[in-house]
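Notes to accompany the following structure.
The values are calculated or read from the model by the stated rules, or taken from the named source; none is laboratory data. This one's a predicted model, so the numbers in the text were calculated from it and none came from an experiment. All Cβ positions, glycine included, derive from the backbone under ideal geometry; neighbour counts span all protein chains shown.
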Amino acid sequence: MVSLCRVFIAIAFLAPVLMAQTPSKSSNPERTGGADTSEAFARLTEQFIHESLVLSPATASQAGYHKHLDTKTGKTIELDAVLDDVGPQAIAAQRRFYKQWRQRFHKQTPLASLSVQDAADWRLIDDQIAFNLLEFDRIQSYRYNPTQYVEVLGSALFQPFTEEYAPLDIRLGHILSRVTQIPRFLSQARQNLVDADPIYVNVAMEENEGNIGLLQDVIAPAIPKDSALRKRYDVIAPSALGALKDFSRWLEQDLGKRKPSRTWRLSKELYAEKFKLVMETEITPEQVLADAEKALTDARAEMLELATPMHRQMFPEHGDHSELNPREHENRVIGEVLQKISDDHPQRDQLLAAVEADLAGITQFIREKKIVALSERENLKVIPTPPFMRGTYSVAGFHGAPPLEPKAEAQYWVTPIDPKTPDAKAESKLREYNKWVLQWLTIHEALPGHYIQVEHANNLQPPTRRVLRALFSNGPYVEGWAEYIAQVMMDQGYAGGDPRYRLSYRKVWLRAIGNAILDVRMHTMGMTDEQALELMTQDLFQTQAEAEGKLRRAKLSSVQLPTYFVGTRQWWDVRRKYEATKGKDFTLMEFHERVLNQGALPLPLLERIIVRGTAHAGSQ
């Protein structure tokens, strides 16, 4: 899709939060466990969540977990004042933590003894642990990817600054406490990093500049002059800023000059293992690739059907280009119409204003068509993407309210165009995100996409389940919902059924298809930069700037890009099955309420709960 629009609930140091689960073939999801078993599982789950969050205070801040009582010392830890320990001993301790906890869950609360809801949570935990252990033992990103450290650090400083969990002076005090730990944190990062692919080094340097700017240009001006906090900042900032700048120099002059022992390509074997955990089904990368390549052909045929009458109207002097071969004919007709549509775009300094203006009309349409219940909290705010995340979120992203603090601010991030960006490159990006595509973007990221999704999930009870399903949320569920619901909005007549919007949407859907093709082929089949760019510019109708941005993203991540395509297909599969059981009683509102109120479960498990396990779904 357009942006890396993960639901940014938490930034875990060693594992992404968008996890998925593979249902056990031998388990019985319909079985209901006894009260004692359920209570024991709830206690274990709560303890596991709290203790795992303590391992990463930056993640704890994202989740809204601010104070932790250490049962060994009896002292309360202010987690927002602590910066993650990423030294070798801490990493070894984390690995032991996950291995021991996996054994505890298997022994004390075996899956077969649990109810349908507890079984779903058990799988979330078990596969999250499996993913962490895959990272520790095989992938080892902490040794080869410096962007992880930069992004964790940026999150650790940014979250307490923007979330009003305490008065500003308290939060600034927490931030300054973390600032004092920056030299230690970056020293540990240097110790861990063995070598890195150039793409990781370059992006880490870019994002580290964002961290320097965050500290100097955002946090510092917010500290009152002549205050004790300001005096403290003046004492500790030089050391922290020096460490940040030294880290950038080290990235460029040391790590960046080491011969990398591995590339950004994950490898076929590791990709398959990670893919199974993230996609939560038995579907293989090869099957997804085959499905996506067929879907690409089908989607282009639909686009040609839509574009042909518009082309005759827009370009009567061009003819129908029937002299061209089929592929060239499709590209010429569709491409010319898309180019004409993209003429209508905001100015480079008006992106945020355009997005905010679209929200009102989208909200009214959702109410009129009874698509889904809107949030009573009305806590969404459109803000510029934090500088330290712009290397990854090149266009937009969503940052939900913490699951432990659902009334806190939710943020729709829109990445402004850097004033230093050349006019031609800025124009290319603006044409890609024109009037029609920006409307889709807001539907996807905010309403009724990720924002509404997270708002429903943040109502889930009990709180332990809410936090668990937020932290370990299923990637295809998350991204699939935002794509599925955008299709629903179009089918319900959004934008008055304007063919310009319908064609623009299908172009966006091509990206989801292309994401899956790119990710599998680039990480497992040696797809070159030239082949990837040709696919995006020739088959997916992307501008050069958009294609180059997606190419970089495909190298920075793995297995996340296919979640859009896989998840969308799974969402429609669940809906068709549910609609068949409800018959004439089916309504969009009721279906969407039921599925969103479960939180981000793997869709096959969700289908078992709401279609086949309805009688048990409310037992917890």
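Residues in the range 401-439 that are closer than 16 Å to residue 504 by Cα and assigned to a loop (DSSP other than H, G, I, E, B) were compared, and the one that is nearest to the chain's Cα centre (by Cα) is 433. Kindly indicate the residue of the range 469-498 that is touching a Ser or Thr at 6+ places or on another chain (Cβ under 6 Å) and of a type outside the set (Ser, Thr, Tyr) and also surrounded by the most Cβ atoms within 10 Å (Cβ to Cβ) among those meeting that condition. Within the range 469-498, the match that is surrounded by the most Cβ atoms within 10 Å (Cβ to Cβ) is 479.
For the range 528-554, the set of residues classified as at pLDDT 90 or above and within 20 Å of residue 202 (Cβ to Cβ) consists of 528, 529, 530, 532, 533, 547, 548, 550, 551, 552, 553, 554, listed by residue number.
Taking the options 554, 580, name whichever one is surrounded by 19 or more Cβ atoms within 10 Å (Cβ to Cβ) and either under 21 Å from the mean Cα position of the chain (by Cα) or within 29 Å of residue 492 (Cα to Cα) (or both).
Details: 580 fails: surrounded by 19 or more Cβ atoms within 10 Å (Cβ to Cβ).
Just one listed residue meets the conditions, 554.
To keep it simple, each residue is scored yes or no on (1) under 30 Å from residue 588 (Cβ atoms); (2) modelled with pLDDT under 90.
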residue	(1), (2)
367	yes, no
370	yes, no
380	yes, no
384	no, no
387	no, yes
391	no, yes
394	no, yes
398	yes, no
403	yes, yes
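Only residues that are loosely packed, with under 14 Cβ neighbours inside 10 Å and part of a helix (DSSP H, G or I) were counted in the range 231-267, giving 10.
Scan the range 334-354 for residues that are surrounded by 21 or more Cβ atoms within 10 Å (Cβ to Cβ), out of contact with any Lys or Arg (no Cβ under 7 Å at 6 or more places or on another chain) and under 18 Å from residue 498 (Cβ atoms) and the total you get is 2. Output yes when any residue across the range 369-384 is farther than 22 Å from residue 214 by Cβ, assigned to a helix (DSSP H, G or I) and of a type in the set (D, E, K, R), and no when none is. Yes: the range 369-384 contains one or more residues that are farther than 22 Å from residue 214 by Cβ, assigned to a helix (DSSP H, G or I) and of a type in the set (D, E, K, R).
Residue 171: modelled with pLDDT of 95 or more and either more than 30 Å from residue 237 (Cα to Cα) or over 27 Å from the mean Cα position of the chain (by Cα) (or both), yes or no? So residue 171 fails the test. The one condition from (1) within 23 Å of residue 557 (Cβ to Cβ); (2) buried (at least 24 other Cβ atoms within 10 Å of the Cβ) that residue 387 does not meet is (2). At least 2 residues being of a type in the set (S, T, N, Q) is the threshold, and among the helices (runs of 4 or more DSSP H) wholly inside the range 512-620 those reaching it are 563-582.
For the subset of the range 47-78 comprising residues that are in a helix (DSSP H, G or I) and hydrophobic (A, V, I, L, M, F, W, C), which member is modelled with the lowest pLDDT? Walk me through how you get there before you give the answer.
As a first pass, look at the range 47-78 and keep what is in a helix (DSSP H, G or I): 47-55, 57-63.
Now narrow it down to the ones that are hydrophobic (A, V, I, L, M, F, W, C): 48-49, 53-55, 58, 60, 63.
Working: 48: 97, 49: 95, 53: 95, 54: 96, 55: 95, 58: 96, 60: 95, 63: 88.
By that ranking, first place goes to 63.
Here's a check for you: in the range 177-198, which residue that is among the aliphatic types (A, V, I, L, M) and surrounded by 18 or more Cβ atoms within 10 Å (Cβ to Cβ) is farthest from residue 140 (Cα to Cα)? Steps first, answer last, please.
Pass one, the range 177-198, residues among the aliphatic types (A, V, I, L, M): 179, 182, 186, 189, 193-194, 196.
Right, trim to surrounded by 18 or more Cβ atoms within 10 Å (Cβ to Cβ) and you get 179, 182, 186, 189, 193, 196.
Numbers: 179: 26, 182: 22, 186: 18, 189: 13, 193: 10, 196: 12 Å.
Taking the candidates together, the pick is 179.
Test residue 93 against the stated conditions and say whether it is closer than 30 Å to residue 408 by Cβ and assigned to a helix (DSSP H, G or I). Spelling it out, it is not the case that residue 93 is closer than 30 Å to residue 408 by Cβ and assigned to a helix (DSSP H, G or I).
Any idea which of 156, 166, 196, 220 is within 22 Å of residue 85 (Cβ to Cβ) and more than 21 Å from the chain's Cα centre (by Cα)?
On the way: 156 fails: more than 21 Å from the chain's Cα centre (by Cα); 166 fails: within 22 Å of residue 85 (Cβ to Cβ); 220 fails: within 22 Å of residue 85 (Cβ to Cβ).
Result of the check over 156, 166, 196, 220: 196.
Screening the range 267-320 for residues that are touching a residue at least 40 places away in the same chain (Cβ under 8 Å) and among the aromatic types (Phe, Trp, Tyr) and picking the one that is nearest to residue 500 (Cα to Cα) gives 275. No other residue among 442, 464 is buried (at least 23 other Cβ atoms within 10 Å of the Cβ), of a type in the set (Val, Ile, Thr), touching a residue at least 60 places away in the same chain (Cβ under 8 Å) and part of a helix (DSSP H, G or I) apart from 442.
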